[in-house]
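Heads up: the structure comes next, in structure tokens.
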Amino acid sequence: MNELRGERLQVMLSPEELATLDDFRFRHRMPTRAAAVRELLKLGLANAAVDGDTGVKSSDYGVFNRGPDGHTQADGGTNAPDTD
């Protein structure tokens with residue numbers, strides 16, 4: 001498939017989500033993370049049954065359940081420098 005990809009999509013992942021993506025990629029011998037993401041999108045869209053509710057935040061849609069506070073700095077989910 002040699003289709004034009006004119007849009008760039010940036011997605012922030014936790015270290016755990018990135019490791020899971022890489023595991024999927026290597027297990028299925030995919031050449032890039034982008035290819036793995038496109039395959040996962042295709043699989044997810046084929047099985048989509050989720051409708052968002054009013055007031056739902058982006059962080060509520062993580063790959064892993066992070067609890068009511070979502071990802072926090074303690075999770076390593078930010079690139080902010082340590083202030084010790």
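The values are calculated or read from the model by the stated rules, or taken from the named source; none is laboratory data. If you're wondering where the values come from, they're calculated on a predicted model, not measured in any experiment. Note that we place each Cβ from the backbone using ideal geometry, even for glycine, and neighbour counts take in every protein chain shown. Remember, those area values only see protein heavy atoms, side chains included, never the ligands or the DNA or RNA. Shrake-Rupley method; radii C 1.70, N 1.55, O 1.52, S 1.80 Å.
Structural remarks
- Selection of the range 21-39 for residues being open to solvent by 60 Å² or more (accessible area, probe 1.4 Å) and over 21 Å from residue 6 (Cβ atoms) yields 23, 26, 27, 28, 29.
- Where a residue in the range 14-27 is without any contact (Cβ under 8 Å) to a residue 24 or more places away in the chain and its partner, wherever it lies, is outside any helix (DSSP H, G or I), with Cβ under 7 Å and at least six apart: 21/13
- Against the numbered list (1) modelled with pLDDT under 90; (2) outside any helix (DSSP H, G or I), residue 10 comes up short only at (1).
- Residue in the range 65-84 that is touching a Pro at 6+ places or on another chain (Cβ under 7 Å) and at pLDDT below 90 present: yes
- Check on residue 16, surrounded by 15 or more Cβ atoms within 10 Å (Cβ to Cβ) and in a helix (DSSP H, G or I): yes
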